[in-house]
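Trainee: Sharing a structure, written as structure tokens. Questions coming.
Taken together, the values in this text are just the output of simple stated rules run on the coordinates, not laboratory data. Because the structure is a prediction, the values reported are computed rather than measured. Cβ: placed from backbone, ideal geometry, glycine included. Neighbour counts: every protein chain shown.
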Ligand SMILES: [Zn+2]
């Protein structure tokens with residue numbers, strides 16, 4: 001009898017290690033591997049004039065930490081659709097699939113839908129287009145992530161309460177002749193707002209916050225390039241909390257989508273600012289957590305690593321992360337310069353002014369070779385403007401060289417299969433400790449919320 005009593009008390013205390021997580025945040029740094037976090041922390045330390053060391057990101061000091069494997073059903077190196085499906089729906093799938101099984105015959109149910117069924121409000125927020133793979137994994141079921149119109153149709157039918165992102169990639173379908181997704185969204189009870197103040201004042205029950213039509217619809221500008229009227233993840237996260245807060249709880253996914261984009265371009269200076277942008281948004285959730293510590297769970301992770309970033313493995317083993325501070329523009333701005341007729345001299349002085357680098361003898365040779373290989377016709381002199389081809393790959397090669405000078409040594413322009421960090425704080429956070437798989441993440445969130453995963 002005594003034994004049964006002791007066992008019962010033990011079992012009860014084990015299951016009651018946390019009360020129910022009622023307010024759940026999942027932050028996803030797209031492409032944010034250990035290298036991205038480490039380089040950003042090193043940069044923050046350098047900014048505060050420490051010779052070496054580690055500055056703190058909002059999430060890197062969370063009490064529960066672990067790492068997640070990210071392989072997909074078809075490759076050791078996942079794409080954002082397969083990994084999004086894994087940490088939204090708890091199942092592996094092939095690269096490119098969204099919320100569906102490998103042969104696209106079965107739709108999965110995401111953690112967002114499961115919590116919605118239990119009365120939680122749901123918000124999905126990103127710094128790229130709202131139909132992009134990571135946000136879409138929570139509401140869409142499509143054989144291909146590039147079926148943006150069909151993904152948007154799924155968004156309209158999702159019933160979720162709040163969305164924010166840049167816009168839609170294909171609002172009229174591939175042929176431009178389909179019914180507008182904005183009509184479908186309105187028919188399903190959503191109100192679209194295109195400014196932070198309109199979002200703030202709206203009392204509509206289902207909201208979609210997008211960038212103004214005058215801004216690009218594929219992504220927010222990089223944090224490093226932002227104008228004062230551009231949205232930040234901090235602002236949209238604060239608005240999402242305001243719109244979602246209710247007595248039954250909420251689930252909010254926030255994606256920092258351009259950590260991945262900067263990493264694809266091997267642009268370390270832009271990447272660290274994107275990681276900081278995500279970290280600032282996590283601070284908003286932390287403020288909320290401090291008000292409701294017994295009911296809030298915050299999880300921060302990544303879908304995969306991008307760029308194969310090694311810290312200090314750049315040029316000559318450089319660890320001069322202070323150099324990143326001198327960078328004032330992103331790879332997108334460099335690419336815009338290269339898309340128009342540019343002279344070699346103009347490129348060199350632009351790099352000094354905007355990337356803050358002194359071109360060394362070795363760099364000079366590399367840069368000159370890259371420039372010459374891209375020129376439609378070899379220019380007569382360094383000051384002769386010339387038309388360049390394959391500017392995107394030229395941009396990436398130049399950015400790899402720039403990043404290497406500040407300790408950012410990239411090894412690929414693609415994704416890698418290395419594990420990603422997982423950080424958690426709040427109710428149920430201990431579930432995220434140790435080595436896990438990305439498919440465990442939604443199941444652990446469900447467990448923290450005391451929702452059965454069937
Ligand atoms: Zn990517």
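Trainee: Going by average Cβ density within 10 Å per residue, which order do the peptides 176-186, 334-344, 437-447 take, highest to lowest?
Mentor: Details: 176-186: 14.8, 334-344: 16.8, 437-447: 21.6.
Ranked by mean Cβ neighbours within 10 Å, highest first: 437-447, 334-344, 176-186.
Trainee: Between residue 200 and residue 290, what FRET efficiency follows from the Cβ-Cβ distance if R0 is 35 Å, with the result rounded to 0.05?
Mentor: Numbers: r = 23 Å, r/R0 = 0.64.
With R0 = 35 Å, the Cβ-Cβ based efficiency is 0.95.
Trainee: Using just the C-alpha positions of the stretch 145-296 as equal point scatterers, what log10 of I(q)/I(0) does the Debye formula give at each q in 0.13, 0.17, 0.18 1/Å?
Mentor: -0.67, -1.11, -1.21
Trainee: Let me ask something else. Could you give the distance between the Cα centres of the stretch 152-218 and the stretch 39-79, to the whole Å?
Mentor: 32 Å
Trainee: I'd like the distance separating the alpha-carbon centroids of the stretch 86-106 and the stretch 289-303, in whole Å.
Mentor: So the two Cα centres are separated by 26 Å.
Trainee: Moving on to the next point. What value, in deg cm²/dmol to 500, does the helix sum -39500 (n - 2.57) over DSSP H runs of n ≥ 4 give at 222 nm once divided by the residues of the chain?
Mentor: On the way: 16 runs with 173 residues, N = 454.
Dividing the helical sum by the residues of the chain leaves -11500 deg cm²/dmol.
Trainee: Test of understanding: what is the full-extension gain from residue 213 to residue 346, defined as 0.36 nm times their sequence separation minus their Cα-Cα distance? Don't skip to the end; give the middle numbers.
Mentor: Numbers: separation 133, 0.36 × 133 = 47.88 nm, distance 3.25 nm.
Fully extending the segment from residue 213 to residue 346 adds 44.6 nm.
Trainee: If you restrict to DSSP beta bridges whose two residues both lie in the chain, what percentage is antiparallel, to the nearest 5?
Mentor: Numbers: 19 of 52 bridges.
For the chain, the DSSP antiparallel bridge percentage is about 35.
Trainee: Moving on. Would you mind computing, in nm to one decimal, how far apart the modelled labels at residue 366 and residue 192 are, each placed 7 Å from Cα along Cα→Cβ?
Mentor: 4.4 nm
Trainee: Next up: Using the alpha carbon gyration tensor of the stretch 315-409, what are the three equivalent-ellipsoid semi-axes (square root of 5 times each eigenvalue), largest first, in whole Å? It would help to have the intermediate numbers written out before the result.
Mentor: On the way: eigenvalues 102, 35, 27 Å².
Values for the stretch 315-409, descending: 23, 13, 12 Å.
Trainee: Given the peptides 242-250, 426-434, 130-138, arrange them by the average over their residues of other C-beta atoms within 10 Å, most packed first. Kindly include the intermediate steps, with their values, before the conclusion.
Mentor: Values: 242-250: 15.6, 426-434: 20.4, 130-138: 28.9.
Result, highest mean first: 130-138, 426-434, 242-250.
Trainee: Turning to a different aspect of this structure: Note down the nm distance, to one decimal, between modelled labels 7 Å out along Cα→Cβ at residue 102 and at residue 437.
Mentor: 1.2 nm
Trainee: In square nanometres, what is the average projected area of the Cα convex hull of the stretch 182-231?
Mentor: Details: hull surface 16.0 nm².
Its average projected convex-hull area is 4.0 nm².
Trainee: May I ask you to derive the relative contact order of the stretch 315-409, considering only C-alpha pairs under 8 Å and at least 6 residues apart, and to give it as an integer percent?
Mentor: On the way: 112 pairs, mean separation 43.1, N = 95.
After rounding, I find 45 percent.
Trainee: Can you quote the Å³ per residue value for the convex hull of the Cα atoms in the chain, rounded to an integer? Walk me through the numbers before you get to the answer.
Mentor: Values: hull volume 74.6 nm³, N = 454.
So the per-residue Cα hull volume is 164 Å³.
Trainee: State, to one decimal in nm, how far the label point of residue 320 lies from the label point of residue 117, with both points 7 Å from Cα in the Cβ direction.
Mentor: The answer from the label model is 5.7 nm.
Trainee: I would also like to ask the following. Among 279, 202, 374, rank each residue by its count of other Cβ atoms within 10 Å, from fewest to most, as a rough exposure measure. Intermediate results must be reported in sequence, preceding the final value.
Mentor: Numbers: 279 25, 202 15, 374 19.
Ordered by Cβ neighbours within 10 Å, fewest first: 202, 374, 279.
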